[in-house]
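One structure is given below, encoded as structure tokens.
Values in this text are rule-based calculations from the coordinates and carry no lab data. Note that the structure is predicted; figures quoted are calculated from it, not measured. In this analysis, Cβ positions are derived from the backbone assuming ideal geometry, glycine residues included, and neighbour counts consider all displayed protein chains.
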Amino acid sequence: MKKKLLPIIAITTAIIMHQSCESCETKKQDEQHTSTTTSSDIKPDPKCANAPASWFTETTTAAPDDYGPFVDSSTTSDCDFHLWSFQKFLSLTRSPDAKAPFENLLQVSNDLDLIKSNVLSLTDVTQAGSKGVLYDKNNRAIHYAIYVNKQMYDFQKKYLEEFKKNIQQNTDTVLHPGDTVNVNTLSKFGLDTLTYPVGCFEIKTSWILASSLNANELKKYYVTKANIGPPNGEIANVEVALLGMHIVGRVANHPELVWATFEHDSLAPNYDWSTGKDTTTKIVSNANFLFYNADTPVNGCPMNNKPGSPAKFTNVFNMFTLGMSESFVSNFAPSHRDSANNANIVALNKSVRAQLQSKNEIWSHYFYKGALWLDDPTPATNFVPGNDSLGSIYNPYLRGSRAISNITMETYTQVNFSGNYATGSINCFACHATVDFKNDTTRGVNYNMALSHLFINALIHKFHPKAPKTE
């Protein structure tokens with residue numbers, strides 16, 4: 001007998017909407033934190049259903065243990081990755097001061113150049129992959145910033161020099177602009193299998209001008225000062241509000257890194273798969289969101305604009321709620337494991353939010369959208385240099401939110417209708433694999449550190465100092 005797909009309501013707290021009616025406010029919030037499972041009796045892991053009270057006893061949260069639950073892979077559960085991700089977020093955001101801890105990390109450019117500024121510097125507006133620009137309803141571009149911890153920065157800087165030294169000394173030809181890194185040389189010196197040390201992490205954040213939000217909205221966002229670059233003009237020391245955050249970190253036994261993402265809860269609605277697979281006239285939501293006007297149909301939202309996005313506001317939505325894998329072309333997704341993963345995320349969000357709300361903290365308005373990792377990265381055919389299919393839906397080792405994306409950072413690459421993915425979705429590993437997609441279009445440059453585009457971009461400029469900086 002076919003099982004019904006039932007909605008799970010993740011959070012029931014009211015949010016201030018662009019519409020004033022109470023029913024629309026509730027509907028919007030429910031949509032944002034609702035997903036479907038293959039069975040109504042799937043229960044979350046008790047660990048995920050009860051976020052540790054110790055996270056909230058002080059005004060700060062300690063960083064998670066990068067070793068503890070991950071050292072013995074035979075006892076590591078999916079929930080351990082979710083707990084690590086959320087605790088990492090809280091450790092980077094919660095503070096008794098106005099300034100969140102993550103702002104004390106090293107801010108870098110896309111090419112790993114250190115940005116030396118007393119305040120947040122925002123000059124990047126193009127999204128990775130699509131090169132699209134996301135605009136708010138005032139037609140102001142959303143900006144992005146990247147941070148790394150000192151361990152990650154120092155490690156990458158060290159091995160940029162090692163890559164350059166070994167390749168230049170052990171190649172038959174002189175490298176010129178346009179040449180690619182010699183993969184045989186990397187392998188000869190063991191640089192292709194080099195992985196990031198446990199404890200390394202980087203984050204990417206998305207920001208909107210605070211002036212684009214009304215006073216009631218602004219009270220529910222983390223706000224800081226920034227120096228803004230084009231296309232919003234050159235503005236010094238202006239207020240900006242945090243929209244989303246990627247956290248990418250290395251834990252024991254997982255050289256592929258854990259890829260987690262968080263969003264503010266008022267950004268965009270979710271596509272409702274339970275009411276049919278209509279990609280044209282279906283109304284996504286009857287409520288207003290920051291990047292969506294109520295009652296806009298699917299075909300009014302340019303979700304896969306490969307050349308880039310229109311240079312103005314466009315309606316957008318989340319195609320895969322909480323990274324839940326769904327399919328336009330097959331019935332095998334979502335799987336039972338997807339549903340269990342979804343139940344864990346829903347439960348963890350509910351538990352964390354309740355405890356943050358009891359302290360009236362701004363971070364209760366941000367939610368965990370999910371994380372991605374590999375169940376066992378050690379097999380010879382899995383996490384190895386040259387594997388560009390880590391994120392394939394057919395990869396038996398792929399775990400977590402298999403269709404994960406952030407609405408503010410992968411707005412236009414949520415969906416891939418090329419047929420390579422049975423769900424029509426792509427995820428972090430589609431771009432972050434052990435293949436240097438950027439340095440060699442033939443995909444012949446393979447090394448594990450290619451997971452980080454910071455390293456790829458910086459490596460190009462180590463060999464070719466006159467190459468244009470990455471946008």
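Can you pull the one-decimal nm distance between simple spin-label points at T123 and K312, each 7 Å off the Cα toward Cβ? My value for the distance between the label points is 2.9 nm.
Sorting 159-165, 316-322, 205-211 by average packing, meaning the other beta carbons within 10 Å per residue, from highest down gives 316-322, 205-211, 159-165. Relative to the current alpha-carbon distance between S54 and K438, full extension at 0.36 nm per residue lengthens the span by 133.9 nm. Listed by chain and number, the aspartates and glutamates placed with their C-alpha closer than 19 angstrom to that of K47 are D65, D66, D72, D78, D80, D338, D375; residues fewer than eight positions away on the same chain are left out. The calculated FRET efficiency for A98 paired with K164, based on their beta-carbon distance and R0 = 41 Å, is about 0.50. Positive contributions from Lys and Arg (+1) and negative ones from Asp and Glu (-1), summed over other residues with Cβ under 10 Å from the Cβ of L459, come out at +1. Between E239 and N395, the contour length at 0.36 nm per residue exceeds the Cα-Cα span by 51.8 nm. Per residue, the convex hull around the alpha carbon atoms of the range 237-285 comes to 189 Å³.
In what sequence, highest mean first, do 368-377, 281-290 appear when ranked by Cβ atoms within 10 angstrom?
368-377, 281-290
Averaging Cα coordinates gives a centre for the range 266-281 and one for the range 346-406; these two points are 22 Å apart.
Within the range 237-345, the proportion of C-alpha pairs whose separation exceeds 17 Å stands at 66%. As an equivalent ellipsoid, the range 78-119 spans semi-axes of 25, 17, 4 angstrom, where each value is the square root of five times an eigenvalue of the C-alpha gyration tensor, largest first. Applying both filters, DSSP loop and at most 14 other Cβ atoms within 10 Å, to the GluC sites (Glu not before Pro) of the range 206-288 gives E234. Note on K43 and V384: the model spin-label points, each 7 Å out from Cα along the C-beta direction, lie 4.2 nm apart. Quick one: of K219/K359; K88/K438; K164/K188; K369/K438; K99/K359, which pairs are farther than 20 Å apart, Cα to Cα? Checking Cα-Cα distances, K88/K438; K369/K438 exceed 20 Å.
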